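Written below as structure tokens is the structure these notes are about.
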Amino acid sequence: MNAYYNKQEHSISNNDIFRAYLLGDAAPVPTWKRRADTILAMLLACIAALTGSTARRIWRAFSVAILLIALIGVIGAIEVGALGLGMGFLLGSLLIGLEFLCLRRH
């Protein structure tokens, strides 16, 4: 084996430089930053889930169902006499307009 590299008692290597660069000055991340990153990641995951196409379809179906129940309630209030015909027509047309906005294609 060629031993001309080992002329000194200890070998000089660049591994110490890499070790000092990678491990020597490393400090742990502060707890507040880890918690802030966790909260931010959870918030972004929630926003991504709520703005997905499946969530929008579910929200559209739920809102149309609620608007239809409200329209039936307006009709019932007109029949009982708790709501006038003009105000009932105005509220009913508003609910139908909102249903149209929910059901139209995007």
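The values are calculated or read from the model by the stated rules, or taken from the named source; none is laboratory data. Here the structure is a predicted model, which means the values were calculated and not measured. Positions of Cβ are backbone-derived with ideal geometry, glycine not excepted, and every protein chain shown enters the neighbour counts. In case anyone asks, the SASA skips ligands and DNA or RNA and just uses the protein heavy atoms, side chains included. Shrake-Rupley method; radii C 1.70, N 1.55, O 1.52, S 1.80 Å.
Listing for the model above:
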read-out: Any hit, segment 21-32, residues being modelled with pLDDT of 85 or more and part of a helix (DSSP H, G or I); value: yes
read-out: Single residue of segment 70-91 satisfying the filter (closer than 27 Å to residue 105 by Cα and touching a residue at least 12 places away in the same chain (Cβ under 8 Å)) that is most open to solvent (accessible area, probe 1.4 Å); value: 91
read-out: Meets criteria (farther than 30 Å from residue 95 by Cβ, open to solvent by 100 Å² or more (accessible area, probe 1.4 Å) and either modelled with pLDDT under 70 or out of contact with any Lys or Arg (no Cβ under 8 Å at 6 or more places or on another chain) (or both)) for residue 7; value: yes
read-out: Any pair with Cβ under 6 angstrom, 6 or more apart, that starts in segment 40-69 at a residue that is touching a residue at least 24 places away in the same chain (Cβ under 8 Å) and ends at one that is open to solvent by less than 80 Å² (accessible area, probe 1.4 Å) and assigned to a helix (DSSP H, G or I); value: 60/102; 63/102; 64/99; 64/102; 67/95; 67/98; 67/99
read-out: Residues of segment 48-69 classified as outside any helix (DSSP H, G or I) and open to solvent by 80 Å² or more (accessible area, probe 1.4 Å), total; value: 1
